[in-house]
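Structure first, commentary second.
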2 protein chains.
Amino acid sequence: MGENLQNRLKLTKQPPLREEVALNLAIAASYFSGKIEKILGKFEISGAQYNVLRILKGVYPEGHARCAIAMRMIERSPDITRIIDRLEKQGLVERIRTEEDRRMSITKITGKGIEIVNKVNPLVSIEHAESTANLSDEECKLLSELTEKLYKDMG
Amino acid sequence: MGENLQNRLKLTKQPPLREEVALNLAIAASYFSGKIEKILGKFEISGAQYNVLRILKGVYPEGHARCAIAMRMIERSPDITRIIDRLEKQGLVERIRTEEDRRMSITKITGKGIEIVNKVNPLVSIEHAESTANLSDEECKLLSELTEKLYKDMG
DNA sequence: TAACATTATGTGTTGAAACAAATATAATAC
DNA sequence: GTATTATATTTGTTTCAACACATAATGTTA
């Protein structure tokens, strides 16, 4: 067992290899998201909200239906409606009802929403660079490949 | 960019290397925790609760103070008290007030708690093995080392 | 075209997380 | 030995997430 895991969780006995990976992955990811949420807190948006804004900015000036957003979320959330509700209340997105399919409500990012993402993105980039400073480019690529392999054929 | 990431998030342009790592890490970890929480749901406990039980089982028949538990959590939670409240209500842990330091409340896992962990652990092990089936032992070790490097010198 | 299934979103409710402030005890400094 | 500071936990409050169910529109099929 690595000494970092040992220090972090104060484990007394060596966990099986495939449990150790899972633990390390969870710790690393939680560490990352904590850093990012701290940045987002300054702008009074949550990680989930930022995720939605990031997705909508990608298709601006078009919008996305709720289910299209749900598919693209990093952490899948069953309750996009409420996340959009809050973003709408803050004036960061707007809902549009289309005539083609009146079930759908298309959500579009507003100018104010774009502005926030434009302010947040560089800070997030810097944080990512700093958080991964212990890894070389080669190691980053390797880590990307290994994690992608993990979720490859999962629903 | 790997095609798995491409498929999962439907990205149109290549993100910078160090953002790609962060995305992949978050997706993989979320995938893992989703699988585990599905198992835990059958026993009506949350991931955080299981985490506490796992920690307390490690020191049984002794217990831990609240802050000792907090330090050992995989995802750091500012609100262990409430998690313990709920576990206590379910009869899975008990609180003991020690005479040495009357500020502290020592939490100990009960027999019923141990029973649940003993039922859950094998299922979690199997899930971990299945979830990492795409990786060889060597790749698992590598992934462990890389993720440990990430959170190494972080608070 | 009426009936049924499917898809897309919204609502109601309950339980849990986040953050700040409060309480209680212990350790330290003077 | 009292005042101050630090530590350990709990409580209050507000916001957020999860789950099931409800509503509405579309698609499909006899």
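The values are calculated or read from the model by the stated rules, or taken from the named source; none is laboratory data. Keep in mind that what you see is a predicted model, and the values were worked out from it rather than measured. Cβ: placed from backbone, ideal geometry, glycine included. Neighbour counts: every protein chain shown. Keep in mind that these areas ignore ligands, DNA and RNA; they rest on the heavy atoms of the full protein, side chains included. Shrake-Rupley method; radii C 1.70, N 1.55, O 1.52, S 1.80 Å.
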(message) Please go through (1) surrounded by fewer than 15 Cβ atoms within 10 Å (Cβ to Cβ); (2) within 11 Å of another protein chain (Cβ to nearest Cβ); (3) part of a loop (DSSP other than H, G, I, E, B) for A:Ser77 and return the number of the only condition it doesn't satisfy.
(response) (1)
(message) Just to verify a result, which residue in region A:103-128, among those that are part of a helix (DSSP H, G or I), open to solvent by 50 Å² or more (accessible area, probe 1.4 Å) and of a type in the set (A, V, I, L, M, F, W, C), is nearest to the other protein chains (Cβ to nearest Cβ)?
(response) A:Ile126
(message) Pairs needed: first member in region B:1-30, within 7 Å of chain A (Cβ to nearest Cβ) and over 22 Å from A:Pro122 (Cα atoms); second member anywhere, open to solvent by less than 30 Å² (accessible area, probe 1.4 Å) and among the aromatic types (Phe, Trp, Tyr); C-beta distance under 6 Å; at least 6 residues apart or different chains.
(response) B:Ala28/A:Tyr151
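Kindly indicate the residue of region B:31-41 that is open to solvent by 30 Å² or more (accessible area, probe 1.4 Å) and more than 7 Å from every other protein chain (Cβ to nearest Cβ) and also nearest to A:Glu75 (Cα to Cα) among those meeting that condition.
B:Gly34
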(request) Answer with yes or no whether B:Glu37 is assigned to a helix (DSSP H, G or I), within 16 Å of DNA strand C (Cβ to nearest atom) and modelled with pLDDT under 95. (result) yes
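What number of residues within region A:98-107 satisfy the criterion of being within 27 Å of the chain's Cα centre (by Cα) and within 14 Å of DNA strand D (Cβ to nearest atom)?
Qualifying residue count, region A:98-107: 3.
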(request) Take A:Lys89 and decide whether it is surrounded by fewer than 12 Cβ atoms within 10 Å (Cβ to Cβ), basic (Lys, Arg) and more than 14 Å from chain B (Cβ to nearest Cβ). (result) yes
(message) Pull out all pairs, ordered by first then second residue, where Cβ-Cβ is under 9 Å, the residues are six or more apart or on different chains, the first lies in region B:98-109 and is under 19 Å from B:Asp85 (Cβ atoms), and the second is acidic (Asp, Glu) and part of a loop (DSSP other than H, G, I, E, B).
(response) B:Ile106/B:Glu62; B:Lys108/B:Glu62
(message) Quick check on region B:46-62. Is at least one of its residues surrounded by 12 or more Cβ atoms within 10 Å (Cβ to Cβ), in contact (Cβ under 8 Å) with a residue 40 or more places away in the chain and farther than 23 Å from A:Ala22 by Cα?
(response) yes
